[in-house]
Amino acid sequence: MALPGGHADEDDGGPLDTAFREFEEELGILPSQVEVIGKTGHFQTNHVDIQVFSGLWDGKGPIRFETNEITRVLKIPLKELFRTHVASNFHGSDPDMKNLIYPFMDVEIWGATARILHHFIELMYPLFESEFNNSD
């Protein structure tokens with residue numbers, strides 16, 4: 001399980017251009033359909049520096065992907081990730097990579113993707129904490 005991404009091409013104007021190009025190549029979502037929130041951070045793994053951006057997709061149009069590269073696309077409600085985050089005692093901590101797992105349906109999100117989600121949830125937590133705490 002991985003987030004959309006890839007390596008920079010010579011023609012890319014910078015990391016955000018690379019992210020938009022990869023997003024379009026992998027999911028068929030155009031840059032004009034995404035409102036960029038901002039840079040989410042840098043993550044290091046296997047000698048690769050991953051630059052992460054967050055944005056809001058307008059939800060218009062179908063998601064298209066190459067089945068020889070991507071098996072399926074998951075739409076995971078943020079609330080589900082928050083529940084797992086809190087139930088696993090990840091909030092306010094820096095869990096070891098082997099313990100940082102977000103199960104959803106029949107998949108487990110782990111590794112660099114889990115680390116990125118952990119960081120994103122920690123950044124967003126103050127905005128959604130009251131809503132999350134008021135839910136069943």
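Can you pull out every residue in segment 1-60 that is in a helix (DSSP H, G or I) and open to solvent by 70 Å² or more (accessible area, probe 1.4 Å)?
Asp17, Glu24, Glu25, Ser32
Under 7 Å between Cβ atoms, which residue pairs at least 6 apart in sequence (or on different chains) link something in segment 59-80 that is free of Cβ contacts under 8 Å to residues at least 12 places away in the same chain with a partner that is open to solvent by less than 100 Å² (accessible area, probe 1.4 Å)?
none
Kindly indicate whether any position in segment 21-36 is among the hydrophobic types (A, V, I, L, M, F, W, C) and under 23 Å from Glu129 (Cβ atoms).
No: segment 21-36 contains no residue that is among the hydrophobic types (A, V, I, L, M, F, W, C) and under 23 Å from Glu129 (Cβ atoms).
Considering only residues that are over 19 Å from Thr45 (Cβ atoms), in a loop (DSSP other than H, G, I, E, B) and either in contact with a helix residue (DSSP H, G or I) (Cβ under 9 Å, 6 or more places away or on another chain) or of a type in the set (Gly, Ala, Ser) (or both), which ones fall in segment 86-133?
Ser88, His91, Gly92, Ser93
Which one of His119, His91 is open to solvent by 50 Å² or more (accessible area, probe 1.4 Å), more than 20 Å from Arg72 (Cα to Cα), touching a residue at least 60 places away in the same chain (Cβ under 8 Å) and of a type outside the set (Ser, Thr, Tyr)?
Matching residue, one of His119, His91: His119.
The values are calculated or read from the model by the stated rules, or taken from the named source; none is laboratory data. This structure is a prediction, so every number in the text was calculated from the model and none was measured. Methodologically, a virtual Cβ is constructed for each residue, glycine included, from the backbone with ideal geometry; neighbour enumeration extends over all protein chains shown. When the accessible area is computed, the model is the full protein with side chains, heavy atoms only, and any ligands, DNA or RNA have been set aside. Shrake-Rupley method; radii C 1.70, N 1.55, O 1.52, S 1.80 Å.
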